[in-house]
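Rule-based calculations on the coordinates, nothing more; no lab input. In this text, all values refer to a predicted model and were calculated from it rather than measured experimentally. So basically every Cβ, Gly included, is an ideal-geometry build from the backbone, and we count neighbours across all protein chains shown.
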Amino acid sequence: MAENAVELHNVTKCFSKVIANDDVSLEIGKGEVVALLGENGAGKSTIMKILYGLYSMDEGRIVIDGKEVRIKSPKDAISHGIAMIQQHFSLVFPHTVTENIVLGNVHGWLDLKEAKEKVGMLAKKYGFPVPLDARVGDLAVGVQQKVEILKALYLDARILIMDEPTAVLTPQEAESLVSFIRSYAADGNSVVFITHKMKEVMESADRIIVMRNGRITGNVLKSETNERELARMMMGEELEVESEEEPIDVSKLPVSIEVVDARKKNRDGIAVLDGVSFSVHKGEIFGIAGVSGNGQDEICEAISGNMKLDGGKIIFEGKDITNESVRKRIEEGIGYVPVDRYKDGMVMEMTLSENMMLKSSYSEKWVKNGFIDKKGIDEYTDEVIRDYQVKATGHSDIAHNLSGGNQQKVVLAREIDAGRHAIIFNQPTRGLDIGAVDRIHRAIKGEKRKGKAVVVVSTELTEIFELSDRICVMYRGKIMGIYNRGELTTGRIGLLMAGVEDGKA
Amino acid sequence: MGKREIPSSVKRGYLDALLFNIGAIIIGLLISAMMILFLKQSPITVFSTALGRIFSDKYTLGEVLVKATPLVFTSLAFAFTYKANLFNIGAQGQFYAGCISAVSISLALGGKVPTALLIVIVLVASFLSGALVGALIGIAKAKFGANEFLVSMMSTYVVQAVMDFLLRTVLRETKAEYIQTDPIVREAFLPGIVPGTRIHLGTLIAILSAIAIWVLLYKTSLGFRIRAVGRNSDASEHSGINSKLIFVVAFLISGGLAGMAGLTEINGVQHMLLQNFNSSIGSFGIGIAILANGHPIGIIFSSILFGFLNVIGTTMGRIPGLNIPASIIDLIQGIVMTSVIISYFIRESVGRRREKRMLKSGEVEA
Amino acid sequence: MISILTRAVMMSTPLLLGSIAEVFAERTGMMVTAIEGIFLMGAWGGFIGTFISGSIVVGLLTAVLMGFLMALLYAFITVYLRQQQIVVGTAMNILAGGICAYFQRVLFGIPTTPLQISVLEKIPIPILSDIPVLGEIFFEQNILTYIAYLVIPVSYIILFKTSLGLAIRSVGENPEAADVSGINVNRIRFSTVLVAGAFGGLAGSFYTVGYLGMFTTGIIGGRGWIAFAICFLGNWNPKGAVFGTLVFGLAEAISIYLQSTGGIAIMPNEFVIALPYILTIALTIAKRSFNVPAKLGVPYLKES
């Protein structure tokens, strides 16, 4: 590259419990597409948030167009032509598209007419049709992302940073995003996209910077590398290829969970579950694949009793449990690892023991005459810490002082214990490092072998293929089909996830 | 992103909290003392004279506990719902509900049943009447999703209006001279427990209640559920806990606690009910709960501190020639509370900085 | 009848100023739970300013200053020190009570006769006040009421037609989004609360300077909380605040009327006094769809 748009020199950033960036230096050329690759928690987002002024660095320098600059807030970053699209979009849902786009960039009167003209022009140029007067909260995530991109273009950004831009997109939407990135960079602009998906990197980046544990572990041109080398830089070890398990014939196994014609509409009257039916047998892992937000969370919540269905039935071990409470279902032996452990799985301010007994506060297990058997639960928790190799000093540690992977192990241990007959895992390894993922996968397979009915929801195809005996694909609240593991290829499942019937384009 | 972790040191946390709290209280008192300068008096003279009077006089010293007693109840009331992440700002009204029951029953049954039995009846009745008001707020929250902060806040004014109405009509004294009740008979008094002071059985009940609430919150499964819902109601619902039921239960117990102050104040101190009776114990209860960070045992000590501030304020007002107004109590309490709240922030940021320093110096294993 | 309505409009004045101030603050995600204390400081400031200087204008300015200072302390602790808003509000309200009571005494000792100031005069607006019925109700009021009239359209325009209003609304709904867009979230919150405090102080001064002509520590008696409630019930919108305010103003006017005419025979006086509070409870329970700002009461912390 002839000239660098941005250079970061020796940036270090500590959070209260983590060193997120440790002496990181990198540069982004003009007209260049850079992929910032790494596992969750590698420090990719942090370094970009520092560049965008959202975080302040402890040490280091930022150089833009050859001049050293100080970036103390996003306002400074914007004035240097930097725009950043956050992983969880920064949109004000009750406001209109135009209001969102002009936010922070208008003064005095709100003159939306002029803004609309400019946005309309940009939308046309890059082929982004967005309804300018619609409430952003009403739009699909793919469209919301276009609003974010338009906002960056509206600000005349020269350096566009995107944090995990394809996480919420169908493979086809992702493709059109890649073509936008190419044409935008062709105009001399720079793009950084943060990702942990190797496939994307190989498709769209000019250069790849790999991060691990807060440090840069690789900086290579795409033309000079391959996926295997990138994986090694990312993980620090060769990826182990999982040996295939023996295929099993589920029809011989007794049915445990039966979902019959489950229907649910959300607040806006859109069907989030549109006649979903399937059954899960004892001793199998039933994988549910799909782009996130296509009804997977709802089906988990319906089976565990946290969401009431509008229609349909849930049968468990031959009993109709459609109208039973969560508490009753826990007593029946259904374990559930929810997708968001911060929100639904743990009480972060409580100790590990307390989190361990969260689901047993009504049972006699650790409660005698209304009083808690503290010794019993503490000992049990210490056992779990040993068995699952949870990195913690003991049962009295506060949950939020643990890393994500260790928190997840605690939830998993609790649910495996609570789910005597069936366990539902919603994205059990999201955001975890490779070691933790491996351990969790082994635990899930172990439960299957014990004869439990296991449901695994995942947006990661590798996880789906590794664990599932049967795979179902969900799209817009419907099941696109249920297949044995061997029947699906990556290409076919990608089309099913995009709503193409039978996966044949 | 949790790559490197600090082992939590719970013990140090408690000690820090205590030291910071005491420090903040002392700073608050020093600032308050400065306020005396505005009256062109020497804070040192005023404080030393007042302290001398309090500690040389058993009766006045006893008043500290007498004043602290109802505050234990109203602050427990706030703290209890606070543990369920709810705000009961209506302890004043629940206290009045307790007062109405206490005075009515004492007037009706006083002298007719044995004192011990009467005390038990009043205890239960004052708890239940406060609990009724509390439970209604809890139901409004659980069933209608009403903002409990607003509803509890407004409930005080409504209960007060009911109390004023009763005082003016059916409960009014036989002479019908003032808007107040007849005094209750001596047999209905809470017995004194320290001769030469006004300290009564209610003080003991208050301390026992605080201990009972501590046991309830930290040793029982119900308390566990209340705290779990307070910290994270979504995770609690996912664990089969009915958070709406917990809302009602928490408000019921909270209201009952505030109601019990009716017993201690009517049967232990005032022996009658009058308009605007103890009109600020509700809001001081909140202040005390904040001071104690919501901990039931801490509440006993913070209440004694507030009782002490109250007595020192009144004593200052009574020192001849100094002319210190009793309203200095409110000023001192306001300043001390503000100082403690600010200390919470300082404690947090000192803790954060310390962790960061340890992380950088590599004291902690990766 | 007309006199009751005139009175209703008059008694609505502080509630309107206070609730619109609260609407602005809450739109940024800040509950001003110190509003009762701010009202009280305003009432006291209005009184001492007028009493000492003899000028009502100085009194009103003192009231604004007092409300501003109270809000300054509250906003500093809640926005920058990120402490719980309800907790801090309680402390501020107790502190305000202490300051007013104590310094009233410091300034005036124990007066032998109650201290009085003259109250704001009614200013009939030429032409408009000649309109039958409406003229008397709306246009024979004091200056504070006319200020309140102006605040209604101005607040609406600022909130919905200017970039500042867009920033205010965004900060309360999604502070991260506002931050990412280059808006300083804490500065918007902090300064909005300060302005709300100034208006809250002005509102409080109504009770001394505009109405009673004297000061007692119980003069506000929960009316700050009613303004707080109106903000909720009016769905965080100046229009809703106007409507809510009139309902409460009417209740208060009827209450005063019944007390003065011995309407006790019809219903107990205490019930009438409790009416606004019962109304608040009933409306809080009855109201289903709230448009509550998503991040109301949540401090904004950029990094952990």
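Based on alpha-carbon positions alone, could you give the equivalent ellipsoid semi-axes of region A:4-235 from the gyration tensor, as √(5λ), descending, whole Å?
With the √(5λ) rule applied to region A:4-235, the semi-axes are 29, 21, 16 Å.
Give me the compactness ratio for region C:150-211, meaning the Cα radius of gyration over 2.2 N^0.38 Å.
1.35
Just to be sure I understand: with springs between alpha-carbon atoms less than 10 Å apart, which residue in B:Lys40, B:Lys67, B:Lys244 has the highest mean-square fluctuation in the Gaussian network model of chain B?
Of the options given, B:Lys40 has the highest mean-square fluctuation.
Scan around A:Thr217 for amide H atoms under 5 Å from its own, H built in the peptide plane at 1.01 Å from N, and keep only partners 5 or more places away or cross-chain.
Excluding prolines and chain starts, which carry no amide H, the hits are A:Val210, A:Met211, A:Arg212.
I need the Debye-formula profile for region B:82-199: one equal scatterer per C-alpha, no solvent, reported as log10 I(q)/I(0) at q = 0.09, 0.13, 0.18, 0.19 1/Å, two decimals.
-0.32, -0.63, -0.98, -1.03
Please report, largest first and rounded to whole Å, the three semi-axes of the ellipsoid equivalent to region C:2-286, where each semi-axis is the square root of five times an eigenvalue of the C-alpha gyration tensor.
Taking √(5λ) for each Cα gyration eigenvalue gives 30, 23, 19 Å.
Let me know the mean shielding of B:331-341 by other chains, meaning the per-residue number of their Cβ atoms within 10 Å of its Cβ.
Mean shielding count: 6.
For B:319-325, what's the mean count of beta carbons from other chains sitting within 10 Å of each residue's beta carbon?
Numbers: counts 0, 0, 0, 0, 3, 2, 8.
Per residue, the number of nearby Cβ atoms from other chains is 2 on average.
Only helical DSSP H runs with n ≥ 4 go in: add -39500 (n - 2.57) per run for chain B, normalise by residue count and round the 222 nm mean residue ellipticity to 500 deg cm²/dmol.
On the way: 13 runs with 262 residues, N = 366.
Helix-only estimate at 222 nm: -24500 deg cm²/dmol.
Evaluate region A:263-409: find the radius of gyration of its Cα atoms, find its Kirkwood radius, and give the ratio Rg to Rh.
1.01
List the residues, sorted by chain then number, that are 5 or more residues from A:Met162 or on another chain and whose placed amide H is less than 5 Å from its amide H.
Amide H neighbours of A:Met162: A:Ile85, A:Val192, A:Phe193, A:Ile194.
Take each uninterrupted DSSP H stretch in chain B, measure its Cα extent along the helix axis, and return the ones at 18 Å or beyond whose mean Kyte-Doolittle hydropathy is at least 1.0.
Values: long enough: B:10-35 (38 Å, 1.50); B:43-56 (19 Å, 1.06); B:58-83 (37 Å, 0.70); B:91-109 (26 Å, 1.15); B:115-144 (42 Å, 2.09); B:148-168 (30 Å, 1.08); B:201-219 (26 Å, 2.03); B:243-265 (34 Å, 1.49); B:296-318 (33 Å, 1.32); B:328-360 (48 Å, 0.27).
Those that clear 18 Å and a mean of 1.0 are B:10-35, B:43-56, B:91-109, B:115-144, B:148-168, B:201-219, B:243-265, B:296-318.
Taking beta carbons within 10 Å but only from partner chains, what does the mean come to for residues C:222-229?
3
May I ask you to order C:54-66, A:122-134, A:172-184 by the average number of other C-beta atoms within 10 Å around their residues, highest value first? Don't skip to the end; give the middle numbers.
Details: C:54-66: 20.3, A:122-134: 14.2, A:172-184: 17.0.
Descending mean neighbour count gives C:54-66, A:172-184, A:122-134.
Based only on the alpha carbon positions, what is the Kirkwood hydrodynamic radius of region B:50-141, in angstrom?
On the way: mean 1/r = 0.0655 Å⁻¹.
For region B:50-141, the Kirkwood estimate is 15.3 Å.
Place the peptides C:177-184, B:345-352, B:166-173, C:215-222 in order of packing, highest mean first, counting for every residue the other Cβ atoms within 10 Å and averaging per peptide.
Top of the packing list down: C:177-184, C:215-222, B:166-173, B:345-352.
Cross-link partners among lysines for A:Lys450, C-alpha distance below 24 Å, same-chain residues fewer than 8 apart left out?
Here the lysines satisfying the reach criterion relative to A:Lys450 are A:Lys252, A:Lys282, A:Lys319, A:Lys328, A:Lys359, A:Lys365, A:Lys409.
In terms of Cα to Cα distance under 15 Å, which aspartates and glutamates are near enough to A:Lys445, apart from those fewer than 8 places away along the same chain?
A:Glu242, A:Glu244, A:Glu245, A:Glu246, A:Glu284, A:Glu415, A:Asp417, A:Glu463, A:Glu466, A:Asp469
What share of Cα pairs, in percent, lie more than 31 angstrom apart in region A:250-497?
22 percent
Gaussian network model of chain B, Cα springs within a sub-10 Å range: biggest mean-square fluctuation belongs to which of B:Ser283, B:Ser48, B:Ser233?
Checking each option, the largest mean-square fluctuation is seen for B:Ser48.
Classify region A:148-295 as rounded, prolate or oblate, taking a ≥ b ≥ c as the square roots of the eigenvalues of its Cα gyration tensor: rounded when a/c is under 1.5, otherwise prolate if a/b is larger than b/c and oblate if not.
It is oblate, given that a/c is not under 1.5 and a/b is not larger than b/c.
How long are the semi-axes of the equivalent ellipsoid of the protein assembly as shown, defined as square roots of 5 times the Cα gyration tensor eigenvalues? Whole Å, largest first.
They are 56, 37, 29 Å, listed from largest to smallest.
Two decimals is fine: what is log10 I(q)/I(0) at q = 0.29, 0.31, 0.33 Å⁻¹ for region B:273-313, from a Debye sum with one equal scatterer on every Cα and no solvent?
-0.96, -1.01, -1.07
Can you compute 3J(HN,Hα) from phi for each residue in region A:334-339, using the Karplus curve 6.51 cos²θ - 1.76 cosθ + 1.60 with θ = phi - 60°, rounded to whole Hz and x for Gly and Pro?
So the J values, rounded to whole Hz, are 9, x, 8, 9, x, 5.
Which of the helices in chain C meet the span-like rule: DSSP H, Cα axial reach of 18 Å or more, Kyte-Doolittle mean at least 0.0?
Within chain C the helices that satisfy the rule are C:2-27, C:35-53, C:56-75, C:85-108, C:143-161, C:185-205, C:238-261, C:269-286.
Check chain C and count each lysine pair with an alpha-carbon distance under 25 angstrom, considering only pairs eight or more places apart or from different chains.
Going through chain C pair by pair, I get 5.
For region A:198-203, in order, what is each residue's ³J(HN,Hα) by Karplus, 6.51 cos²θ - 1.76 cosθ + 1.60 with θ = phi - 60°, in whole Hz (x at glycine and Pro)?
Couplings: 5, 4, 4, 4, 5, 7 Hz.
Quick check on region C:68-152: take the gyration tensor over C-alpha atoms, sort the square-rooted eigenvalues as a ≥ b ≥ c, and tell me if it's rounded (a/c under 1.5), prolate or oblate.
oblate
So what's chain A giving for Rg/Rh, alpha carbon basis, Kirkwood Rh from the mean inverse pair distance?
Ratio value, two decimals: 0.98.
Mind sorting C:Val79, C:Val133, C:Val195 by how few other Cβ atoms lie within 10 Å of their own Cβ, fewest first?
The fewest-first ordering by Cβ neighbours comes to C:Val133, C:Val195, C:Val79.
With 20 Å as the cut-off, how large is the P(r) tail for region A:1-122, expressed as percent of Cα-Cα pairs?
Every Cα pair in region A:1-122 considered, those over 20 Å come to 53 percent.
Would you mind putting A:70-78, A:209-217, C:108-116 in packing order, based on average other-beta-carbon counts within 10 Å, highest first?
Descending packing order for the listed peptides: A:209-217, A:70-78, C:108-116.
Search the structure for amide H atoms under 5 Å from the amide H of A:Tyr475, placed 1.01 Å from N in the peptide plane, and list their residues when 5 or more places away or on another chain.
A:Met480
With each pseudo-label sitting 7 Å past Cα toward Cβ, what's the A:Glu487-A:Asp187 distance in nm, one decimal?
Distance between label points: 4.6 nm.
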